[in-house]
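Below: the structure, in structure tokens.
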Amino acid sequence: MSKLFRQRLTKHLSEMARYLRYVFNDHFVIALMFMVGGLGFGYSNGLKGLETGIWWAPYVVIFTLLLLLQLGRLATLMNDADVVFLLPRERSMHAYFINAKNYSEIMAMLIQIVGWFVLIPFIRVTDDVSWLFLFELLVTQLILKDAFLEREIVLRYQYRIKIIQSSILFKWLLPVIVIGVSYLVNPVFGLVLAIILNIGIRYISFNRWQKVQIDWNKAIMMENNRMLGIYRFFNLFTNVPSITGSVKRRRYLDFIVNRIKPTRENTYLYLFSRSILRGTEFGSLYLRLTLLGMVLLVFIQQQWLIVVLTILFIYLIGFQLIPSYFHFDDIVFTHLYPINEKQKLDNFSRTTAIALSITAVLLAGTTLIAQQDWKTALISLVLEGIEILLLVKFYIPGRLLPNKSSN
């Protein structure tokens, strides 16, 4: 079973590497650099305004560590067909799960360590603690995460112990008690509690798995849900065959499409606007990037960085919306429309301009409200307007017409 997991892991890592090439393209890397730099700069400036003894600082640390524990799930890499083909090897599946846990623990522990490093400046500024205290806090965090992953193995079996299945108890209540005792009372006490919790879950897992059957449907469903979350992230950057788009009826947005006159020249304007307002693929992408840009602008103080970030997000959103131009090409009836390619491109450019203009207003409004700086908001809005004009008049036609002619 260990060999089977290694084979699946090799295939899985190869698939992830293929998709990551599309994620970390030049545009996203540039955006990521600005986002990380902006957040780091804001974090550094925020620390300068803090002092030792702030009453709410320990609770921020506890809450942050609790959230970090929720990151990183058990990756079993199980398939739907396993319920048939691996059923005769059910007693050997525990070794498979152990290999899955060892792999999952690598990434999970890295997340905990990185989060701990990020928290160190905040803890050192707001509380006079030693490095031994911080190290004990990290060890407690790692032991709790190991207990989390061990419990996920337990959940793959048909255990009748209801208390083990309680997510509120094991993912929130017990960890917040352990972390709270570790940070507010004594780190040694918290470390001891974490070890006791870990040993208890291991006792349940290692001493009963031979007597309990695997809940195959639940185990496969949990893995499918985990992979679905990963594929949805990749789907923001490229088409993922495992993700199928869906359509939602949003009646509260009908007033937007009802403003489009039902003429032959507006055929694709109607379709493209519907694909953004009703389709979850491009609509969710547009909404998430817009909200992300607004959230970042709340925390950034530097005028030049705000302007650069708004320009960058307008370009990033416009670039990510380009594939929606081909969204209706697989529908045979659209090829029967008496509409030439120029009309389709004009409709797409108009739809994109409207969507980007809404984003530009939202970003400028966020800057005005969060920073109370109307000059920066006005400069951002003007530059965004110029950028949108250049995108829809030159960049988007230049990207789409060569692709269409080659097809």
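The values are calculated or read from the model by the stated rules, or taken from the named source; none is laboratory data. These numbers come from a predicted model, not from an experiment. So basically every Cβ, Gly included, is an ideal-geometry build from the backbone, and we count neighbours across all protein chains shown. The area values use the complete protein model at the heavy-atom level, side chains included, leaving out ligands, DNA and RNA. Shrake-Rupley method; radii C 1.70, N 1.55, O 1.52, S 1.80 Å.
Each row is one residue, and each column tells you yes or no for (1) exposed (fewer than 14 other Cβ atoms within 10 Å of the Cβ); (2) closer than 15 Å to L362 by Cα; (3) at pLDDT below 85; (4) touching an Asp or Glu at 6+ places or on another chain (Cβ under 8 Å).
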residue: L253; (1), (2), (3), (4): no, no, yes, no
residue: F282; (1), (2), (3), (4): no, no, yes, no
residue: W304; (1), (2), (3), (4): yes, no, yes, no
residue: V307; (1), (2), (3), (4): no, yes, no, no
residue: L312; (1), (2), (3), (4): no, yes, no, no
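From the list I300, I322, I317, the lone residue that is surrounded by fewer than 18 Cβ atoms within 10 Å (Cβ to Cβ), under 22 Å from the mean Cα position of the chain (by Cα), on the phi < 0 side of the Ramachandran plot and touching a residue at least 40 places away in the same chain (Cβ under 8 Å) is I322. For the criterion of being under 30 Å from I214 (Cβ atoms), among the polar types (S, T, N, Q), part of a helix (DSSP H, G or I) and open to solvent by 30 Å² or more (accessible area, probe 1.4 Å), N99 passes. Given the structure, is L71 under 20 Å from V176 (Cβ atoms), free of Cβ contacts under 8 Å to residues at least 60 places away in the same chain and open to solvent by 60 Å² or more (accessible area, probe 1.4 Å)? Answer is yes for this residue. Taken over the stretch 153-168, the criterion of being open to solvent by 30 Å² or more (accessible area, probe 1.4 Å) and either of a type outside the set (A, V, I, L, M) or touching a residue at least 60 places away in the same chain (Cβ under 8 Å) (or both) is satisfied by Q158, R160, K162, Q165, S166, S167.
Determine if the stretch 361-380 includes at least one residue that is open to solvent by 30 Å² or more (accessible area, probe 1.4 Å), in contact with a strand residue (DSSP E or B) (Cβ under 9 Å, 6 or more places away or on another chain) and outside any helix (DSSP H, G or I). Checked the stretch 361-380: no residue is open to solvent by 30 Å² or more (accessible area, probe 1.4 Å), in contact with a strand residue (DSSP E or B) (Cβ under 9 Å, 6 or more places away or on another chain) and outside any helix (DSSP H, G or I). Of everything in the stretch 202-244 that is farther than 27 Å from L87 by Cβ and among the hydrophobic types (A, V, I, L, M, F, W, C), the residue that is modelled with the highest pLDDT is F234.
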